Amino acid sequence: MTKPTSETPAEDGAALLDDVERFHRRFNVFPHEAAYVAVALWDAHAHLLDCFDSTPRIAFLSPEPGSGKSRALEVVETLVPRPMLAVNARAAALFRSVSDPAGRPTILYDEIDTVFGPKAGDNEELRGFLNAGHRRSGVTYRCIGDGGNQTVQEFPSYSAVAVAGLGSLPDTILTRSVIIRMRRRARNEKVEPFRARVHEQQGNALRERLATWAKSVQDRVAGAWPEMPDGVTDRPADVWEPLLAVADAIGGDWPQRAREACVTLVKAAQVNDKGSLGIRLLTDLRDHVMVGIDRLPTVAILDRLNALDDAPWADLNGRPLDARRLSRMLGEYVTADGQPIASRNIKTAGSVLKGFYTEDLWDAWARYCPPPSASPLLPLPDGADTD
């Protein structure tokens, strides 16, 4: 791998990434233009991993098989440094691979639904590895040795990871990922058949060009603080910062295309993000149950929640939401004065029932729930700004 000299001019980054994008387009049908931009930038960023404080995961997800997820990983495999295909690999094998003195791999984990899918149960060890490896400072601790001679050893976890699978992923991984929602090809969407013994060589040639280009820009990329598009902050900004830094180093129309892709994919992820079950509960209470009223007995809240279409409340692991679980879930959040949300007495005709007050929920609604799609006529708390 040669370093550019005066006799060998540096690679034109924009032309190179154009070639990488074209290579993907030959074999992959992604759901929109933003996905091609993001995937090509992700390929390039894997060659510059030590320039960043964090690395985004890229997740090819689909509701049904036959949507091109595995093919996307196959093409990525030809373009990234030291690719390591992992199907049903355990965390112990992965963190030892990342610690390999020969070099850090790029982990390509296919069929990730077999690890995190609804029938797989939790896999906290692998989840912890993937979460820790998002940051350059991330390490995994393990006891090494036998019996009483064990010592604690830390293993670096920082590595580029691409995953593919059916359904979704744990929120802790999704929020660290660029999400590509794959779908089956329509009849009018054509791609070339991917023939490994032919096309791997072509992809590997691009990989060598990416590696050479990366060496020529690594000092500039390491000190970069790319400007974020309006509205992209917090975790989405962490995810996209390395990709935008790469785009700025590439030049041409890639900085603009990268930021347009960033906005498109961040908004798409927010639309598909249903949040935790607790946030879903708060949102359903705000938008469907306690609209236009200032209090409601628990029994009425449960009736309304369990009657909602496309809501999980009537069947939570085979049982409907009950008063005890409702109180426990809401008790995880606090009122505006810092007290846990709790049921209170509500006087009704001839009796007193336990229930919840809108004023106790307002602060949690403002902090955790997404903006309502419409403006429900909720009673405002005392002193609320009506402008």
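Only helices enter the 222 nm calculation for the chain: every DSSP H run of n ≥ 4 contributes -39,500 (n - 2.57), and dividing by all residues gives -13000 deg cm²/dmol, rounded to 500.
3J(HN,Hα) along segment 208-221: 5, 5, 4, 5, 5, 4, 4, 4, 6, 10, 4, 5, 5, 5 Hz, from the Karplus curve 6.51 cos²θ - 1.76 cosθ + 1.60 with θ = phi - 60°, whole Hz, x for Gly and Pro. Proximity of backbone amide H atoms, modeled 1.01 Å from N, is registered between Thr106 and Met84 at under 5 Å, excluding neighbours fewer than 5 places apart on the same chain. A cut-off of 5 Å between modelled amide H atoms, ignoring neighbours fewer than 5 places along the same chain, links Lys354 with Thr298, Ile346. Fewest neighbouring Cβ atoms within 10 Å first, the residues Thr151, Thr348, Thr175 line up as Thr151, Thr348, Thr175.
Compared with the dominant principal axis of the Cα atoms in the chain, helix 33-45 is inclined by about 60°. Couplings 3J(HN,Hα) of segment 323-332, computed from phi: 4, 5, 5, 4, 5, 5, 5, 5, x, 6 Hz, in residue order, whole Hz [Karplus 6.51 cos²θ - 1.76 cosθ + 1.60, θ = phi - 60°; x for Gly and Pro]. Using a Gaussian network model of the chain in which every pair of alpha carbons under 10 angstrom is joined by a spring, one finds that among Ser62, Ser327, Ser177 the greatest mean-square fluctuation is at Ser327. When the Gaussian network model of the chain links Cα atoms closer than 10 Å, the mean-square fluctuations of Val29, Val334, Val75 top out at Val334. How far is the Cα center of segment 249-272 from the Cα center of segment 159-230, in Å? Answer, in whole Å: 14. Just so you know, the Rg over Rh for segment 13-272 is 0.96, from Cα atoms, with Rh as the Kirkwood radius. Peptide packing: for 352-364, 213-225, the average count of neighbouring Cβ atoms within 10 Å per residue gives the ranking 352-364, 213-225, highest mean first.
Residues in segment 181-192 carry Karplus couplings, in order, of 7, 7, 8, 5, 5, 6, 4, 8, 9, 10, 9, 6 Hz; the curve used is 6.51 cos²θ - 1.76 cosθ + 1.60 with θ = phi - 60°, and Gly or Pro positions show x.
In a reduced charge model with +1 at each Lys and Arg Cβ and -1 at each Asp and Glu Cβ, the chain shows a dipole moment near 1120 debye about its Cα centre. Between helix 234-250 and the chain there is an angle of about 20 degrees, using the helix long axis and the longest principal axis of the Cα atoms.
Between 0 and 90 degrees, the angle of helix 358-368 with respect to the longest Cα principal axis of the chain falls at about 0 degrees.
Put simply, the amide H of Arg295, placed in the peptide plane, has neighbours under 5 Å in Thr358, leaving out anything fewer than 5 places away on its chain.
Every read-out reported here was derived from the displayed coordinates using simple, explicitly stated rules and does not represent laboratory data. Since the structure is predicted, the reported quantities are computational estimates derived from the model, not experimental observations. All Cβ positions, glycine included, derive from the backbone under ideal geometry; neighbour counts span all protein chains shown.
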